[in-house]
Amino acid sequence: MKFAAALCSAAAIALGCAALGVTAWRGLEQPWVALAFAAVIAVGEAVRVELPGHEPDGRAPTSAPVGAAGALGYALLGVVGGRDTSHGVLQIVAVVIVAVLVGSAPRAARGPSLDLGHALRGVLAVGFAATCFQPLVHSGALAHWAGDGPYYALCLLAVTLLTGLCDAVLGAVFAAGRTGRPVGPLLRGQLRARVGIAPAIGATGAVIALAVAVAGLWALPVFCLPLLLTQFSFRRYASVRATNRQTIASLARSTEVAGYTPHGHARRVAELSCAVGRELGLTDPELTVLEYAALMHDIGQLSLVDPVASGATEPLDPEVQRRIALLGAAVVRQTGVAREVAVVVERQADPFREQPLTARIVRAVNAYEDMVAGKASVEGSLQAVERLRLGSAQDYEPRVVEALSRVVARGAPG
């Protein structure tokens, strides 16, 4: 898949260079239309928001809904205020590239502001939408087949759906190239992720194209405003979510400060647990539960009179392990997180066949982390995984151990 990802990257770069070069040579067709859509795209990019969930490589996903809708609307634009447009595919791609770069500039002062993979995906997706639609408009085929009635809107909807599918496939290919994971599970994850805000982006882009065709450029701010307000709501939600996670991470570090667990143990278990969860195809809500439970899985150790050596609870008496799990779950319930998080912590002392999958993951990853003690060498990692395999008949879920083995072999966190 690395070759396919490299091929897609090369295609996006070639398309971008060709679009910028040809547009600079020929000049802009209908410049006021191009500038209006460029302004919408740039504003949307400037207020890019972090979305809930995780990328396949563990990063938090980001989105610029207004910018994406503006780019899609420009790609699907065939008429402006009753007059036919004259811009082509290459101008559309060039305008989108320049607008994204301009919109990213204010964030560049605060650090890296442009994800190259997302940018290349965007170039290819916009190019795909424009290539599907613009030749039909300029050749007159769309007017002949669909006219100006409902079939025209259905054509816009079809191109929008195909563009969303194209972007999902590209996202899976780029993710497979980065992580080495199979494309199939990654594609399913990409499609699940689009159930949220993606339909709103696609619908707004299509509506923008239809509204501008009738009312002219004045329709742009009117139809972008609802999506912009939604984007600000997402930003506020992401801020609350980040604050909640910081609170949980601070609480999880209390066992380290008190000397009950090694420094960084909870963070390493959480990172590796999420990597294993993604390997097993967990959804974003399940990954969130898994991350929070992994961060706080040892919080019950604060009830012990004396710390356990290296924080490893496996050698303890089952009754002590059970008490640690119950007290940990009681503390977790007081934090206000989802009920499922407390269940995962509470079930850590149960036989693995009675545990939910998230609890099985935390159990296996915690045992692995106890064995390598945060200093995983190649030999130490192999030995730890082999010990887990030997215990998979009684103590650990075999499917989880194999997923952990694949993640560790790729050099993921942990």
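The slack between residue 203 and residue 235, meaning 0.36 nm per residue of separation minus the straight C-alpha distance, is 9.5 nm. To the nearest 20 Debye, how big is the dipole of the chain about its Cα centre, given +1 on the beta carbon of each Lys and Arg and -1 on that of each Asp and Glu? Dipole about the Cα centre, nearest 20: 520 debye. Averaged over residues, the count of other Cβ atoms within 10 Å places the peptides 267-278, 129-140 in the sequence 267-278, 129-140, highest first. Packing, as the average of other Cβ atoms within 10 Å across residues, places the peptides 351-364, 243-256 in the order 351-364, 243-256, highest first. Membrane-span-like helices in the chain, defined purely by DSSP H runs whose alpha carbon atoms cover 30 Å or more axially and whose average Kyte-Doolittle hydropathy reaches -0.5, are 2-26, 116-138, 150-179, 219-252.
For segment 253-409, the extents of the C-alpha atoms along the principal axes are 36, 33, 26 Å, listed from largest to smallest.
Where only DSSP H runs of four or more residues are counted, the chain gives -23500 deg cm²/dmol as its mean residue ellipticity at 222 nm, each run worth -39500 (n - 2.57).
Full-extension gain between residue 317 and residue 334, please, as 0.36 nm times their residue separation minus the C-alpha to C-alpha distance. Show your work: numbers first, answer last.
Values: separation 17, 0.36 × 17 = 6.12 nm, distance 2.65 nm.
The span from residue 317 to residue 334 would gain 3.5 nm if fully extended.
Where a number appears in this text, it was derived from the coordinates with a stated rule and is not lab data. Note that the coordinates shown come from a computational prediction; the quantities given were computed from them, not determined experimentally. In this analysis, Cβ positions are derived from the backbone assuming ideal geometry, glycine residues included, and neighbour counts consider all displayed protein chains.
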